């Protein structure tokens, strides 16, 4: 049951792996490797769902003029301001963002949002989100002195 709680916590936007793994180890005293694997899978699944479902959310947003206008302004501004940086870094940026264990700055949700916003290749983005989440797990493990 505790592993299910950890998996669901790893799916949560703010917690992700960076919150779920310490709770698994420090609060529930779960084994490190199974906890790491479950947290990585949960966080990756969250990012994958975001990347794959944002298109449908955008369709819903576009149904109302007010929300469509706001979305267009935000997307246009962000794409115009950062398109050149993304073109240079592409999937490496997605990887780095997925690996950063800081809420609102990094994680699978942020990486998936950036990949979607700049129309990155979904398959490559999913691969780099997964690799970034694995690196985030290693970073968290080192910070907790588990490895």
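Considering the stretch 78-100, and only residues there that are over 10 Å from the mean Cα position of the chain (by Cα) and closer than 21 Å to residue 18 by Cβ, the residue that is surrounded by the most Cβ atoms within 10 Å (Cβ to Cβ) turns out to be 93. Within the stretch 56-103, the set of residues being touching a residue at least 12 places away in the same chain (Cβ under 8 Å) and not in a helix (DSSP H, G or I) comprises 90, 100, 101, 102, 103.
Quick one: in the stretch 89-104, of everything that is within 18 Å of residue 42 (Cα to Cα) and touching a helix residue (DSSP H, G or I) at 6+ places or on another chain (Cβ under 6 Å), which residue is modelled with the lowest pLDDT?
Narrowing the stretch 89-104 to residues within 18 Å of residue 42 (Cα to Cα): 94-95, 97-104.
Applying the additional criterion that residues be touching a helix residue (DSSP H, G or I) at 6+ places or on another chain (Cβ under 6 Å) yields 94-95, 97-99, 101.
Details: 94: 95, 95: 96, 97: 95, 98: 96, 99: 96, 101: 92.
Only one residue tops the list, namely 101.
Would you please name the residue that is modelled with the lowest pLDDT, looking only at residues in the stretch 14-55 that are under 21 Å from residue 105 (Cα atoms) and outside any helix (DSSP H, G or I)? Per the stated criteria, the residue is 14.
Filtering the stretch 10-29 to residues that are crowded, with 19+ Cβ neighbours inside 10 Å and farther than 14 Å from residue 103 by Cα leaves 21, 24, 25. Within the stretch 119-147, restricting attention to residues that are in a loop (DSSP other than H, G, I, E, B) and either in contact (Cβ under 8 Å) with a residue 60 or more places away in the chain or over 15 Å from the mean Cα position of the chain (by Cα) (or both), which residue is surrounded by the most Cβ atoms within 10 Å (Cβ to Cβ)? It comes out as 146.
The values are calculated or read from the model by the stated rules, or taken from the named source; none is laboratory data. Keep in mind the model is a prediction, meaning the values are calculated, not measured. Note: ideal-geometry Cβ built from the backbone for every residue, glycine included; neighbour counts use all protein chains shown.
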